[in-house]
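J.: Could you have a look at this structure, given as structure tokens, before my questions?
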Amino acid sequence: MKEISLIQHSKGALGLRLFGLGPNLRPTNGLSKLQKLLDTNTFWAKNRTINDLKKSLANSDVVISLWVGKEIVGFGRALTDGIYRGVLWDIVIDQNHQGKGFGKLIVNNLLSSKKVKNTKKLYLMTTNKKLFYSQLDFKEVTSQNLLIREI
């Protein structure tokens, strides 16, 4: 069986972003593999360019990646002010690895990270995983409206 590695990247995910580092700080073409993970397993993060992925990683406070051997099978990131508000973004598990607890592992590591753990309110948006997130104490909010401005 291949080794499972969870990586809590440093702020901005420098190693992944600039050098494509994966498990054991080894070059694995990680950024291209992340792009493929998103393209293959999401509808909301398809066709992100490498440059845009680099920018999103650089501006993220917490980045988690999950690997089986040299393949990335899970990912998530967070932005936060560290006290009042935070948002979880881009949580994805490869479809061939769902149902193994990897999603919970990523979310729990995001929630327990130094920057996020004391944040009073954490937001996330989901289209079809409400039941999954409710297991992790996220609650649907009907008293607020989601507003979006797109450019």
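The values are calculated or read from the model by the stated rules, or taken from the named source; none is laboratory data. Remember, predicted model here, so these are calculated numbers, not experimental data. Reconstructed Cβ throughout: ideal geometry from the backbone, glycine too, with neighbour counts over all protein chains shown.
J.: Among Val63, Val87, which is the only one that is of a type outside the set (Phe, Trp, Tyr), in contact with a Phe, Trp or Tyr (Cβ under 7 Å, 6 or more places away or on another chain) and under 26 Å from Lys117 (Cβ atoms)? Talk me through it step by step, then tell me what you get.
T.: On the way: Val63 fails: in contact with a Phe, Trp or Tyr (Cβ under 7 Å, 6 or more places away or on another chain).
Unique residue meeting the criteria: Val87.
J.: In addition: In the stretch 64-94, which residue that is of a type in the set (Val, Ile, Thr) and farther than 18 Å from Thr40 by Cβ is surrounded by the fewest Cβ atoms within 10 Å (Cβ to Cβ)?
T.: Just the residues of the stretch 64-94 that are of a type in the set (Val, Ile, Thr), to begin with: 64, 68, 72-73, 80, 83, 87, 91-93.
Cutting the leftovers down to farther than 18 Å from Thr40 by Cβ gives us 64, 80, 83, 87.
Numbers: Ile64: 23, Thr80: 23, Ile83: 9, Val87: 16.
Step by step, filter the stretch 64-94, then rank; the result is Ile83.
J.: Cβ contacts < 8 Å: first residue free of Cβ contacts under 8 Å to residues at least 40 places away in the same chain, restricted to the stretch 96-109; second residue among the aromatic types (Phe, Trp, Tyr) and surrounded by 15 or more Cβ atoms within 10 Å (Cβ to Cβ), any location; separation 6+ or different chain. Result?
T.: Pairs that qualify, where the first residue is free of Cβ contacts under 8 Å to residues at least 40 places away in the same chain and the partner is among the aromatic types (Phe, Trp, Tyr) and surrounded by 15 or more Cβ atoms within 10 Å (Cβ to Cβ), are Gly103/Phe132; Val107/Tyr133.
J.: Any idea which of (1) surrounded by fewer than 16 Cβ atoms within 10 Å (Cβ to Cβ); (2) within 18 Å of Ile64 (Cβ to Cβ); (3) of a type outside the set (Asp, Glu); (4) in contact with a strand residue (DSSP E or B) (Cβ under 6 Å, 6 or more places away or on another chain) is the one His97 doesn't satisfy?
T.: (1)
J.: Take the stretch 7-35 and flag every residue that is in contact (Cβ under 8 Å) with a residue 24 or more places away in the chain and under 19 Å from Asn96 (Cβ atoms).
T.: The answer is Gly22, Pro23, Thr28, Gly30, Lys33, Leu34.
J.: Just checking, does the stretch 85-104 include any residue being in a strand (DSSP E or B), under 19 Å from Ile4 (Cβ atoms), modelled with pLDDT of 95 or more and touching an Asp or Glu at 6+ places or on another chain (Cβ under 7 Å)? Break it down stepwise before answering.
T.: Looking only at the stretch 85-104, we keep the residues that are in a strand (DSSP E or B), and these are 85-93.
Among the residues that remain, those that are also under 19 Å from Ile4 (Cβ atoms) are: 91-93.
Then keep just the ones that are modelled with pLDDT of 95 or more; that gives 91-93.
Then drop every residue that is not touching an Asp or Glu at 6+ places or on another chain (Cβ under 7 Å), which leaves none.
Checked the stretch 85-104: no residue is in a strand (DSSP E or B), under 19 Å from Ile4 (Cβ atoms), modelled with pLDDT of 95 or more and touching an Asp or Glu at 6+ places or on another chain (Cβ under 7 Å).
J.: Another question, if that's okay. Within the stretch 2-39, can you find the residues that are surrounded by fewer than 16 Cβ atoms within 10 Å (Cβ to Cβ), under 15 Å from Ala58 (Cα atoms) and of a type in the set (Lys, Arg)?
T.: Listed by number, the list holds a single entry, Lys11.
J.: Of everything in the stretch 120-133 that's at pLDDT 95 or above and more than 20 Å from Phe75 (Cβ to Cβ), which residue is nearest to the chain's Cα centre (by Cα)?
T.: Out of the qualifying residues, it is Lys121.
J.: Name the one entry in Leu131, Leu136 that is without any contact (Cβ under 8 Å) to a residue 40 or more places away in the chain, in contact with a helix residue (DSSP H, G or I) (Cβ under 6 Å, 6 or more places away or on another chain) and over 20 Å from Leu16 (Cβ atoms).
T.: Working: Leu131 fails: in contact with a helix residue (DSSP H, G or I) (Cβ under 6 Å, 6 or more places away or on another chain).
Checking each option against the conditions leaves just Leu136.
J.: If Val141 satisfies every condition in (1) in contact (Cβ under 8 Å) with a residue 12 or more places away in the chain; (2) over 26 Å from Ser10 (Cα atoms) but one, which is the exception?
T.: (1)
J.: Could you pull out every one of the strands (runs of 3 or more DSSP E) wholly within the stretch 1-81 that has 2 or more residues that are among the charged types (D, E, K, R)?
T.: So the answer is 71-80.
J.: Just to verify a result, which residue in the stretch 100-112, among those that are surrounded by fewer than 18 Cβ atoms within 10 Å (Cβ to Cβ) and of a type in the set (Gly, Ala, Ser), is nearest to Trp44 (Cα to Cα)?
T.: Within the stretch 100-112, the match that is nearest to Trp44 (Cα to Cα) is Gly101.
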